1. At 1.4 Å probe size, with every protein chain present, just tell me what the per residue accessible area of segment 8-127 comes to in Å².
2. Which residues in segment 1-18 have a backbone N closer than 17 Å to a point placed 7 Å from the Cα of residue 108 along the Cα-to-Cβ line?
3. For segment 54-127, state which trypsin sites (Lys or Arg not before Pro) are in a DSSP loop and have at most 16 other beta carbons lying within 10 Å of their beta carbon.
4. For Cα pairs less than 8 Å apart in space and 6+ apart in sequence, what is the mean separation divided by the residue count of the chain, i.e. the relative contact order in percent?
5. Please give the length that would be gained between residue 99 and residue 53 if that part of the chain were fully extended, namely 0.36 nm times their separation in residues minus their C-alpha to C-alpha distance (nm, one decimal).
6. At most 14 other Cβ atoms within 10 Å and a DSSP loop assignment: could you name the GluC sites (Glu not before Pro) in segment 23-127 that fit?
7. Can you return the lysines within cross-link range of residue 99? Criterion is Cα-Cα under 17 Å, with same-chain partners fewer than 8 residues away left out.
8. How about residue 33: which aspartates and glutamates have a C-alpha closer than 16 Å to its C-alpha, ignoring those fewer than 8 places off in the same chain?
Amino acid sequence: MNFTGKYELQSQENFEPFMKALGLPDDQIQKGKDIKSISEIVQDGKKFKVTVTTGSKVLHNEFTIGEECEMEMLTGEKVKAIVQLEGNNRLVANLKGLKSVTELNGDTITNTLTMGDLTYKRISKRI
């Protein structure tokens, strides 16, 4: 399955408590909670380029399945991670105590971030 495309955020669950737990300042959380972010994914075989634009904040990560890479977290911190492909539609990464699962079903991408017992879920649709 090919992840390439642009996706617009449709809904999210637990945004505020999760961002607080990550250590983001309240003003940044309040600004970001109502913005419909756009995710652009370019997949070339096992190589991925992911750009998430939320208002004026742009998060850009590149990785190759199964190889260690440096990824920027929502806080701006850069961490080492390895992204694995499970089945043909799930990308799984562990980033410094944070587990990220991105699942593609048709034109819908569900991204679930888990840290301890706290889960943040984003659902985006292809545009």
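The values are calculated or read from the model by the stated rules, or taken from the named source; none is laboratory data. None of the values given here were measured: they were computed from a predicted structure. Reconstructed Cβ throughout: ideal geometry from the backbone, glycine too, with neighbour counts over all protein chains shown. Accessible surface areas use protein heavy atoms only, side chains included; no ligands, DNA or RNA. Shrake-Rupley method; radii C 1.70, N 1.55, O 1.52, S 1.80 Å.
1. Ligands and nucleic acids excluded, the figure is 56 Å² per residue.
2. Output list for this probe position: 7-14.
3. Here the sparse-neighbourhood loop sites are 96.
4. Computed over the chain, the figure is 25 percent.
5. Extending this stretch completely gives an extra 14.5 nm.
6. 67, 77
7. Leaving aside lysines fewer than 8 places away in the same chain, those within reach of residue 99 are 20, 78, 80, 121.
8. By straight Cα distance, residue 33 reaches 8, 13, 16.
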